[in-house]
Amino acid sequence: MAANVPDVEYHHRGFFGRLPSKPHDLTDRITPTVQSIVLCHMGIPRLSAARWRLDVGGLVERPIILTQDDLLGFEKKQVTSVHQCAGSPLRPDEPSQRVCNVVWGGVPLSTILAMAGVRPEAKYLWSQGADSGEFGNVECGHYVKDLPLGQADQNALLAYEMNGAPLLAEHGFPVRLVVPGYYGTNSVKWLQTLTLADTRANSPFTKRWYLDPDATGDRTLPVWRTAVQSVIVSPSPEEANLTPHNAINVWGWAWGDEGVDRVLVSTDGGRGWEEAALEPQAGHAWRRFRYEWRPSAAGLYKLASKATSMAGVVQPGEGRRNAVYSIEIVVGEQPHGDTALRQ
Ligand SMILES: Nc1nc2c(c(=O)[nH]1)N[C@H]1C(S)=C(S)[C@@H](COP(=O)(O)O)O[C@H]1N2
Ligand SMILES: [Mo]
């Protein structure tokens with residue numbers, strides 16, 4: 001079939017996304033579905049669960065085809081995981097906070113791969129969605145991603161539920177891949193085909209976009225594992241009634257596939273940093289940090305949080321997707337005309 005002939009019906013044709021929630025709206029540990037991120041490069045296919053099939057092939061002993069009923073016949077696993085859009089594939093330098101934390105329900109990918117029998121030559125798993133079309137003025141064919149076999153596939157899920165309900169059309173109904181610890185772009189929606197291969201997949205979504213310069217800038221790395229990151233949820237930039245000398249509970253979320261070792265909070269625009277309390281790690285879910293702050297005077301303050309991964313990687317100050325996020329807040333009555341930052 002020609003790549004530009006749609007082989008499925010669509011609820012919506014062309015790019016579709018929801019404006020991401022602001023960090024200060026992410027007050028729930030489990031993000032309600034209406035507040036979660038949505039990103040569809042080429043449209044929202046309208047698929048029938050009854051007609052849905054998953055083809056598993058390539059470097060396997062036994063190619064298989066699964067129906068939705070087959071999937072429902074396996075034991076359901078639930079995974080709470082950070083779900084993060086890396087941001088624009090074209091702007092790796094642009095910090096973004098498109099993130100949520102949701103509960104997925106489905107069948108472990110490893111169950112299906114064990115059924116098919118992965119051949120030892122296989123190094124990557126390619127996944128293809130039912131959606132196809134144009135994005136960024138490029139004719140893309142189907143949405144195709146890949147991931148290296150090893151860790152990610154052990155954690156991955158063929159998910160048919162999000163937050164306890166069947167997937168909504170825009171989230172990949174009836175079945176999507178979910179790769180905990182990896183950026184959202186790898187969690188292919190409207191999943192159609194899984195192919196085991198010994199090379200990376202050849203798609204604009206693997207070879208043209210979603211390749212970011214590494215920390216040295218000398219080479220590129222696929223946008224796979226989530227980098228260490230944190231956001232302040234409270235106080236919100238609009239918070240009123242903050243008064244000097246009273247305790248203010250500064251709190252937020254931290255995550256990253258390497259695990260989070262510590263989070264520091266600054267209340268003076270990044271000059272000084274204090275250790276925040278961090279709750280224990282729980283799988284791939286985000287973790288709450290908090291820091292009690294008593295501002296000594298009324299004024300305008302710049303608050304920021306900075307996480308360090310278990311591998312010792314610190315959130316960069318700027319110029320990366322996971323750069324430090326900061327907010328400005330007013331404590332006490334703002335004296336007329338006083339816009340100077342307290343440092
Ligand atoms: N088939 C398909 N899967 C896809 C996409 C897409 O456009 N098509 N977008 C990816 C991107 S960039 C993100 S961030 C997540 C978003 O998932 P959500 O819309 O369910 O939050 O889906 C990923 N999976
Ligand atoms: Mo994304």
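The values are calculated or read from the model by the stated rules, or taken from the named source; none is laboratory data. Not measured: the values here are computed from a predicted model. Quick reminder, even Gly has a Cβ in these numbers, built from the backbone with ideal geometry, and neighbours come from all protein chains shown. The protein model used for the area step is the full one, side chains on, heavy atoms only, and it has no ligands, DNA or RNA in it. Shrake-Rupley method; radii C 1.70, N 1.55, O 1.52, S 1.80 Å.
Numbers at a glance
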quantity	calculated
Beta bridge orientation in the chain: antiparallel %, DSSP, nearest 5	95
Contour excess over end-to-end distance, with Cα ends at GLU61 and SER88 and 0.36 nm allotted per residue	5.9 nm
From phi via Karplus (6.51, -1.76, 1.60), per-residue ³J(HN,Hα) for segment 221-227 in Hz, x at Gly/Pro	10, x, 6, 10, 5, 5, 7
Spin-label model distance (nm) - ASP218 vs GLU318, 7 Å beyond Cα toward Cβ	2.6
Sequence-distant lysines (8 or more away, or on other chains) whose Cα lies within less than 26 Å of LYS306	LYS22
Whichever lysines have a C-alpha closer than 20 Å to that of LYS145, once near sequence neighbours (fewer than 8 apart) are set aside	LYS123, LYS189, LYS207
Solvent-accessible area, 1.4 Å probe, carbon plus sulfur percent, for the chain	49
Shape of segment 1-87, Cα gyration tensor, a/c cut at 1.5	oblate
Order by protection proxy (mean Cβ within 10 Å, highest first), peptides 35-46, 114-125, 279-290	35-46, 279-290, 114-125
1.4 Å probe accessible area per residue over segment 101-203, in Å²	30
Magnitude of the charge dipole, segment 44-163, Cβ model with Lys/Arg +1 and Asp/Glu -1, debye to 20	180
Proximal aspartates and glutamates to LYS77, defined as alpha-carbon separation beneath 19 angstrom and excluding residues fewer than eight positions away on the same chain	ASP69, ASP153, GLU161
